[in-house]
Amino acid sequence: MIHVPNRSTRPAFAARSTVRIAALAVALVAALLAGALTAAPARAGTARWAIAALGPDAPRAEVIHDRAAGTLSLTVSRGGRPVLAPSPLGIRTEGADLTSGLRFLGRSDRTDVERYTTTVGKRTQRSALFREARFRFAGAGGARVDLVVRAAHDGVAYRYELLDDYGSVLGEASAFTVPPDSTAWLANHRRDYENPYVQTTAAAADDREYLAPALFDVAGTYLMLAESNLDGRYSGGSLVHDGTGTYHVKLWDQSVLVDGPLATPWRVMVVGDLDTITTSTLVDDLAPPSRLADTSWVRPGQVLWTWLAGGRGAGQSLTRQMGYVDYAAQRAWPYVAVDAGWYFDPQQWDVTDPNWRTNSWMPELVRYARERNVGIIVWIHYRDLDTAQERAEWLPTLHEWGVKGVKIDFMDSESQDRLRWYDEILPATAQNQLLVNFHGSNVPKGVHRVWPHVMTMEGVHGAEKSSLTTSHITTLPFTRNVIGSMDYTPMGFHRNRPTSDANELGLSVVFESGLQDLAGTPESYDARPEAVRFLEQVPTVWDETRLLTGRPADSAVFARRSGQRWFLGGSSAGAARTLNVPMNLPAGRWLVELITDGEGGLVRSQRIVQAGDTLPVDVVANGGFAGLACRWQPNMTTCDQP
């Protein structure tokens, strides 16, 4: 059952499912740590207000009000060191310019703990502690805007709340001023988010439009810029560099239609060391609660996807797809994805014909797969679902056939109009119990929490591209994949690629995706029995994630826990070397099975280590490794489980 709250009867800043915890005591402790629940002494006509999260290394935000000009800005620091220099705030609408002339009306504070469960991600059980400050301002003519700032252990976020209808939003003054010499990892803007990340500095980057997330190393503290809680009430945002190290928020639409009060998406700054960045759930934490009352039918897992073996020539036919089902069943992989070409050309497909459903071989494939405990996921073009009539025809039909999920492609926009389409397709697919993989899409901005049947999204320069580099691949775990499941489609062993076999295998752990589309061919897997053995074990959702070592564009080594076992994945860029991996595992002795590149192919070795040891792993050029760790016991020979 889908529970859809009545949005017309709730305020724009919808009440969240929160647990109030010892509010007075926490507020007092927070005040001691933050050092400010009230304005600091004014200086030169300037008021400053601070808000800080709990914890010794937690980030601290400061809102600055220039009383004379009535302008606002925001700074962020960590450990007493600046991370974000004073950065403009404000929003412009048809009826009110709320970027200047603002008069301070008051401040209120609260502290909340939110606990929730997700179906996918770096960990499924989430707990988020927020300190929130609401700053109330009035502009010319009495127009009202609230600036809401939240601080958590892993970052800071803010949004604007308009308490009345001031017409369409024309833009934001929002910007991020990063120290100019900070190392930056940026991707040029592209409507489907499929551009590679390149390394530069905050100031040296070209004066152009970039994608979020964007990552900066500010003297050893990392800052990732992102967005959360984006839907059809607003427009997607990108980052425009002005040549000085300041990145301005640019909305996709020049005019965003507003009907009544408005809460904008969150402007998110994930702040901390690299472990904090990679394990952060801040983007999901800021999103509203789940809209699904029942998620028992939502089952992540591995997917045999053969498109990279040659597109439609890979076997868009019943006979070939039955063979893929047989292979997936042998591996206990729960899904097979049938990509483009399984149905007629959309211009020839007449859904008004009452017999159109009988013209497909898909129902027979679904029955065949069901008998072998394999589910079928089907590709479908956005243009075949862009009207209410098409959705009413396609989605119930796929559900009746027994299809388990849809891979919807080519949305290619973050306009308000396209975001409203997402608002319609998400409940419709949930109503028909269809898992969703969005391709040609934007990136997750809290959608995994709101709609738990969204298993993964593309929005990445992934394995389908011919211009991949290992420096880009080793940047993705610290950028795009931080904010949610990423359908990179690894394991294309049969293709030309920059990664060694062991590096490619390690990506099944390094990259998180609720549906992990395995892009190889049965022949390429059979030629690598150690890869098959590992892929039969590795899950796609995790109880816990830890970054063991790495740096963007250089290397990434992760440990992810499922039950009592830890899966290890390592990826490197550049020359052959030894990766010294800190075994940051719970106390005790561990049996570690590693799969690395050998002269004759993938080889497996075993070592017994103590938690806290450093494990040296030799990798070839652009190499990596995959591994399993389990509690060591005498006479134990493997971490495998049936």
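The values are calculated or read from the model by the stated rules, or taken from the named source; none is laboratory data. These numbers come from a predicted model, not from an experiment. Cβ: placed from backbone, ideal geometry, glycine included. Neighbour counts: every protein chain shown. Side chains are part of the model used for accessible areas, which takes the heavy atoms of the whole protein and leaves out ligands, DNA and RNA. Shrake-Rupley method; radii C 1.70, N 1.55, O 1.52, S 1.80 Å.
Structural remarks
- Note on GLU464: accessible area approximately 80 square angstrom, rounded to 10, probe 1.4 Å, nucleic acids and ligands left out.
- Ligands, DNA and RNA left out, the 1.4 Å accessible surface of the stretch 368-441 is 42% carbon and sulfur atoms.
- Segment PHE410-GLN610, extension gain: residue separation times 0.36 nm, minus the distance between their alpha carbons: 67.1 nm
- Were the residues from ARG134 through ASP423 laid out at 0.36 nm apart, the gain over their Cα-Cα distance would be 101.2 nm.
- With N counted as the residues of the stretch 552-613, its alpha-carbon radius of gyration over 2.2 N^0.38 Å works out to 1.21.
- About the Cα centre, charge dipole magnitude for the chain (Lys/Arg +1, Asp/Glu -1 at Cβ), debye: 1860 debye
- Relative contact order computed over the chain (Cα-Cα under 8 Å; 6+ residues apart), in percent: 12 percent
- Estimated dipole of the stretch 464-528 in Debye, rounded to 20 [Cβ of Lys and Arg +1, of Asp and Glu -1, Cα centre]: 220 debye
- In this entry, the chain is assigned a mean projected area of 29.0 nm², taken as a quarter of its C-alpha convex hull surface.
- Total charge dipole magnitude, the stretch 568-642, about the Cα centre, Cβ charges on Lys, Arg, Asp, Glu only, Debye to nearest 20: 200 debye
- Signed unit charges on C-beta, dipole axis of the chain, positive-most listed residue TRP566, ALA184, ILE51: ILE51
- Length added when fully stretched, ARG48-GLN125, from 0.36 nm per residue minus Cα-Cα: 24.1 nm
- Here's the list of lysines a cross-link from LYS250 could span, going by alpha-carbon distance under 28 Å and ignoring same-chain residues fewer than 8 apart: LYS445, LYS465.
- Of the complete DSSP H runs in the chain, those spanning 15 angstrom or more by Cα along the long axis with a mean Kyte-Doolittle score not below 0.5 are 23-34.
- Restricting the stretch 97-161 to trypsin sites (Lys or Arg not before Pro) in coil, as DSSP defines it, with at most 13 other Cβ within 10 Å: none
- Each label point was placed 7 Å from the Cα along the Cα-to-Cβ direction; for THR638 and ALA621 their separation is 3.5 nm.
- Taking all protein chains as they are arranged and a probe of 1.4 Å, the heavy atoms of ILE595 leave approximately 0 Å² accessible to solvent.
- Accessible surface for the stretch 188-309, divided over its residues, is 33 Å² per residue with a 1.4 Å probe.
- Element breakdown for the stretch 574-642 at a 1.4 angstrom probe: carbon and sulfur atoms account for 49% of the accessible area.
- Phi angles of the stretch 253-262 translate, via the Karplus equation with coefficients 6.51, -1.76, 1.60 and θ = phi - 60°, into HN-Hα couplings of 9, 6, 9, 9, 5, 10, 10, x, x, 9 Hz per residue; Gly and Pro are given as x.
- On a per residue basis, the stretch 424-573 carries 22 Å² of accessible surface, using protein heavy atoms and a 1.4 Å probe.
- Sorting TRP185, TRP307 on solvent-accessible area from highest to lowest, probe radius 1.4 Å, gives TRP307, TRP185.
- Each label was represented as a point 7 Å from its Cα along the Cα-to-Cβ direction; for LEU318 and LEU170 these points are 6.1 nm apart.
- Our summary of shape: the Cα atoms of the stretch 360-476 have principal axis extents of 43, 36, 26 Å, ordered from largest down, in whole angstrom.
- Solvent-accessible surface (1.4 angstrom probe) belonging to TRP379, in square angstrom, nearest 10: 30 Å²
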